[in-house]
Amino acid sequence: MRTSPMSNVQSPKSEDNRSTPTVDYVESRAEEPVIGHRRLDTGPQADFGLTVTDLRKSFSAPSGERLEVLRGISFSAVGGEVVAIIGSSGAGKSTLLHLLGGLEVGDHGSIVAGHFAIERATPLALAHFRNRQVGFVYQFHNLLPDLTATENVGLPLLISRTNRRQAMRRATDMLTGVGLGSRVATSVVGHLSGGEQQRVAVCRALITRPALVLADEPTGNLDMTIGDEIARSLVSYARNNRALVIVATHNRALAKLGDRTLILRDGRLCSV
């Protein structure tokens with residue numbers, strides 16, 4: 001019998017002892033979040049917006065010179081909107097998403113997500129923000145291969161101290177909502193197809209009902225049918241939950257599903 005690596009992961013019995021970040025932070029929750037056509041239980045969400053001002057980021061090249069990747073990015077977006085960011089490989093799309101999600105630190109500029117100032121936040125506040133407010137979808141899934149699909153999807157809830165039984169139930173509901181039944185839900189993700197793994201990854205990104213979803217080439221390694229399904233799931237989530245979805249992609253068809261498209265070129269964003 002397989003022993004799950006998750007069996008020793010326990011959620012605290014109470015959230016009363018959870019340390020709360022001291023940075024100005026307003027938690028947003030979706031009202032009846034939807035993935036596909038399936039509604040899940042939750043509370044109301046306040047309107048969410050993102051404002052980016054003069055964001056700059058550079059890296060050191062092996063030669064010692066500084067490579068300017070982002071050169072003064074400014075834009076704003078609101079909940080319920082789907083924004084596509086296109087650009088050539090190496091243009092800085094992934095770097096921009098990492099900055100928006102608080103995974104990297106910019107050299108200059110500001111990012112305000114809701115009422116949360118990312119560039120001024122402490123590491124603890126950033127961790128809380130990412131876990132509760134941001135959903136990440138990666139091109140290569142980044143799933144834990146020894147866990148089942150349900151365990152992978154439910155893991156962010158356990159990290160946020162949700163009861164294990166409730167976390168697994170919600171994870172199963174999410175997987176059912178994207179057409180992944182019990183066979184997939186109880187399978188180790190390393191045994192699943194690429195399309196199944198990406199749907200699992202989308203469910204994991206949305207399980208905490210984030211106000212901000214950042215998707216980095218989410219359909220890059222998928223066939224057209226599965227890619228279109230993934231794209232429409234993200235659009236549906238944004239529309240039905242007043243969430244902001246930002247997608248970095250080379251896929252023009254995916255970009256057209258959004259409300260607007262921005263192109264990243266020479267370190268700057270402009271409208272298409």
Next item on the list: Please report the relative contact order for region 189-272, taking Cα pairs under 8 Å with a sequence separation of at least 6, and give it as a percent rounded to a whole number.
Entry: 25 percent
Item checked: Modelled FRET efficiency - R0 22 Å, ASN163 with ASN131, Cβ distances, 0.05 increments -> 0.85
Notebook entry, point to check: When a footprinting reagent is the concern and you count Cβ atoms within 10 Å, what order do VAL235, VAL213 take, fewest first?
Noted result: VAL235, VAL213
Item checked: For region 161-194 versus region 82-157, the gap between their alpha-carbon centres in whole angstrom -> 22 Å
Margin query: Among 249-256, 237-244, how do they line up by average Cβ neighbours within 10 Å per residue, starting with the highest?
Written below: 237-244, 249-256
Next item on the list: Quote the Stokes-Einstein diffusion coefficient, in whole µm² s⁻¹, for region 51-159, based on the Kirkwood radius over alpha carbon pairs, a temperature of 4 °C and a viscosity of 1.567 mPa s.
Entry: 82 µm²/s
Next item on the list: Report the calculated FRET efficiency for ARG252 and SER110 (r = Cβ-Cβ distance, R0 = 30 Å), to the nearest 0.05.
Entry: 0.45
Notebook entry, point to check: Taking neighbour counts of Cβ atoms within 10 Å as a proxy for exposure, in what order, fewest first, do CYS203, CYS270 appear?
Noted result: CYS270, CYS203
Notebook entry, point to check: What fraction, in whole percent, of alpha-carbon pairs in region 113-172 exceed 16 Å separation?
Noted result: 55 percent
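Since every read-out is calculated from the coordinates, none of them should be taken as a lab result. Fair warning: this is a prediction, and the values are worked out from it, not measured in the lab. For neighbour counting, all protein chains shown are included, and Cβ atoms are generated from backbone atoms with ideal geometry for every residue, glycine included.
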